[in-house]
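Data first, discussion second: the structure below is written as structure tokens.
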Amino acid sequence: MDREVKPRRPYEGAARQARTRRTRAAVVEAARSLFVERGYAATTIEAKLADVTAAGATVKEPVRDVGGVRLVATVTDPDGNVLGLLQDR
């Protein structure tokens, strides 16, 4: 099965880039409002996760403990960008 396959072209459409910018802005605004409302230290990773998913992200990896030192979670925005959430203990 030696058939020639066209190389993948990069997908960099203007609409996709605009959606990515809007999603990032929504995620940043969600975090900012939590920090203003509760203070940085009092904002839990669970609250951050709830707000970014409400802003359009989906959970890729739920909150987990890393060596008893920090909590981490990973989300994916609607365009496939992966974002990490961290909380030191």
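Readers should treat all values here as calculations from the given coordinates under stated rules, not as data from a laboratory. Only a predicted model underlies this, so the values are computations on that prediction, with no experimental measurement involved. Ideal geometry is used to build each Cβ from the backbone, glycine not excepted, and the neighbour counts take in all protein chains shown.
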For this session: With an 8 Å cut-off on Cα pairs and a minimum separation of 6 or more residues, tell me the relative contact order of the chain in percent.
Result: 22
Exercise. What angle, in degrees between 0 and 90 and rounded to the nearest 10, separates the Cα long axis of helix 45-54 from the longest principal axis of the Cα atoms of the chain?
Worked result: 50
Problem set entry | Total charge dipole magnitude, the chain, about the Cα centre, Cβ charges on Lys, Arg, Asp, Glu only, Debye to nearest 20 | 280
Exercise. The chain: longest stretch without exposed GluC sites (Glu not before Pro) (DSSP loop, at most 16 other Cβ within 10 Å), sites themselves excluded?
Worked result: 13-89
For this session: Would you mind checking the tilt of helix 14-38 against the longest principal axis of the Cα atoms of the chain, expressed as 0 to 90 degrees and rounded to 10?
Result: 10
Exercise. Local charge sum around ALA54 (other residues, Cβ-Cβ under 12 Å, Lys/Arg +1, Asp/Glu -1)?
Worked result: -1
Seminar exercise, completed: Sorted by chain and then number, the residues having a modelled amide H within less than 5 Å of the amide H of ARG70, at least 5 places away or on another chain, are ARG89
Exercise. Picking from ALA42, ALA54, ALA25, which is most flexible by a Gaussian network model of the chain using Cα springs under 10 Å?
Worked result: ALA42
For this session: Net charge near GLN17: determine it from the other residues with C-beta under 11 Å of the C-beta of GLN17, scoring Lys and Arg +1 and Asp and Glu -1.
Result: +3
For this session: Compute the signed sum of charges (Lys and Arg +1, Asp and Glu -1) over the other residues within less than 15 Å, Cβ to Cβ, of ASP77.
Result: +3
